[in-house]
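Below you'll find the structure, written out as structure tokens, and then a few comments.
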Amino acid sequence: MNRYPALLTLLVSSLLLMSLSCGAEELKIGAGSAPAANVLNPLKKGFEEATGIQLIIIESGPKVGFIDLKRANLDAAMAGFSYPEWQQLMISEWAPMEEPSRFTPVSIGTDSVVVITHKENPVQNLSVDQLRGIFSGKISNWKEVGGVDAPIMIVWGTLMQDDNDVFLARVLMGEALSPDLLDTTTATEVRAHVAANPNAIGIGPGGITDDSIATPVVPEMPREIVLLAKTNPPESVRKLIDYIRSRSQGKQLVMR
């Protein structure tokens, strides 16, 4: 007969926990691959524990991120290039930033675009000319750059517009990207495909590197990481910026 009060207590406790969970403050950030891999994902758990704010990371790329911010679907957006470069991207995508004064850019730090290969690939160094040859399709076999006799497979992330633009500008320098490539989406997906294919090569943010792939030595390709919010952003955005800047761990993550 005593089981009913116990069940009632359990039910009340469950409902209370559900209401607290549903009422938790959320911070929605749209991100390119660089801020997602280097800043937001590594700091998510610590930030949530420190502030009680649920950090929702939407890895959609800088174009979609800005559009969603403008439509108030996000609290902020982050990308791996400067604010002027971001503005230029939106112009080239036929979605210019109208009234840019309505938005406030905050420089979070810098990182570098890296080149990744399969962990068993013997090629340890690649010059700009070699990279240009590979990604333009003029070099199609690893033996041409000191590797094994095998065709090169290019993996390209379509949602990595910040990484892609930096790489195209500094490496291809006007040459067209080879059409013979494997299209995927995020930096995580690029890494997964490269890790699974001995002949693959791809690019990504510095935070993508781990033991599943190799990173040959290439010329450095540094770029800025910027957070963009509307003027007078929510307090949760300010807390995120303060958290990143105040944590020595955060500074190491974004200053690669």
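Any read-out appearing in this document is the output of simple, stated calculations on the displayed coordinates, not a laboratory observation. This one's a predicted model, so the numbers in the text were calculated from it and none came from an experiment. Neighbour counts run over all protein chains shown; Cβ positions are idealised from the backbone, glycine included.
Things to note:
- Helices meeting the span-like rule in the chain (full DSSP H runs, Cα extent of at least 24 Å along the helix axis, mean Kyte-Doolittle score of 0.5 or higher): 3-22.
- Dividing the helix sum by the residues of the chain, where each DSSP H run of 4 or more adds -39500 (n - 2.57), gives a mean residue ellipticity at 222 nm of -11000 deg cm²/dmol.
- Reachable lysines from K63, criterion Cα separation under 27 angstrom, eight or more residues apart if same chain: K28, K44, K45, K230, K239, K251
- Where both bridge residues fall in region 107-222, DSSP classifies roughly 55% of the beta bridges as antiparallel.
- In this simple spin-label approximation, L168 and S212 carry label points 7 Å from Cα along the Cα→Cβ vector, and these lie 2.6 nm apart.
- Take every pair of alpha-carbon atoms less than 8 Å apart whose residues are at least six positions apart; their mean separation over the length of region 112-222 yields a relative contact order of 48 percent.
- Separation between Cα centres of region 157-221 and region 42-90, rounded to whole Å: 21 Å
- Estimated dipole of region 112-222 in Debye, rounded to 20 [Cβ of Lys and Arg +1, of Asp and Glu -1, Cα centre]: 180 debye
- Segment S101-N73, extension gain: residue separation times 0.36 nm, minus the distance between their alpha carbons: 8.2 nm
- Amide proton proximity set for K230, modelled H, under 5 Å, gap of 5+: T104
- Cα-derived Rg to Rh of region 112-222, Kirkwood definition: 0.91
- Using all pairs of distinct alpha-carbon atoms, the Kirkwood hydrodynamic radius of the chain works out to 19.9 angstrom.
- Peptides ranked, highest mean first, by Cβ atoms within 10 Å: ranges 175-185, 112-122, 25-35, 82-92: 25-35, 112-122, 82-92, 175-185
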